[in-house]
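The block underneath contains the structure these notes are about, expressed in structure tokens.
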Amino acid sequence: MDGIDLQAQWGIDVGPGQLPVGLNYGHVMDYTLTMYGDEDEQVGEVGFFEHQWLATVNYAMDRLIVQLETSYLSDASPDLSSTDFDCSVGEHVSHDLFASCQFTNNISANIGVNNLLDEEAPIILSGVPGNVTGADTNAAVYNPIGRSGHIGVCFNF
């Protein structure tokens with residue numbers, strides 16, 4: 001495997017809080033799988049994206065934290081080694097939003113929305129090379145559910 005990973009972080013004070021931002025970027029130039037003497041180039045296949053990144057923006061003020069995450073996956077195919085299944089999928093961008101508040105040393109709450117803009121996962125038929133998850137997408141890589149949320153309260157004793 002050959003590639004480049006970059007990470008950048010920066011932050012400033014904004015009003016009464018702090019605004020840190022971050023970016024994690026990966027560029028895969030070569031990922032060759034060798035099995036039984038056969039070589040299979042994986043770059044460009046689902047799960048082995050040539051480009052992918054995750055950007056985060058936080059706002060932290062006292063006991064409140066709000067975070068927006070944006071993830072990007074470049075275009076891919078389920079399995080480039082098979083010409084029988086040319087099911088290329090385009091690039092995919094999704095956003096997640098989270099917030100948490102520490103009310104006391106023993107009580108906190110959190111809320112979040114995954115896939116904030118309800119981006120649909122690319123359709124990759126179940127059973128074709130590159131999708132053995134049982135969903136009509138590769139659920140190990142893409143969010144097959146759509147927008148979802150969660151809320152929680154934590155009590156420490």
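None of the figures in this text is laboratory data; all of them are computed from the coordinates on show. Since we're looking at a predicted model, the values are computed, not measured. Neighbour counts are summed over all protein chains in view; Cβ atoms, including those assigned to glycine, are modelled from backbone coordinates with ideal geometry.
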With r defined as the distance between the Cβ atoms of HIS27 and ILE151 and R0 fixed at 30 Å, what FRET efficiency is calculated, to the nearest 0.05?
-> 0.25
Go ahead and collect, in residue order, the members of the range 1-22 whose backbone nitrogen is under 18 Å from a label point 7 Å along the Cα-Cβ direction of THR34.
-> 1-3
Determine ³J(HN,Hα), in whole Hz, for all residues of the range 28-41 in sequence, where each value follows from phi through the Karplus function 6.51 cos²θ - 1.76 cosθ + 1.60 and θ = phi - 60°; x replaces Gly and Pro.
-> 9, 9, 8, 9, 10, 9, 10, 10, 6, x, 8, 9, 10, 6
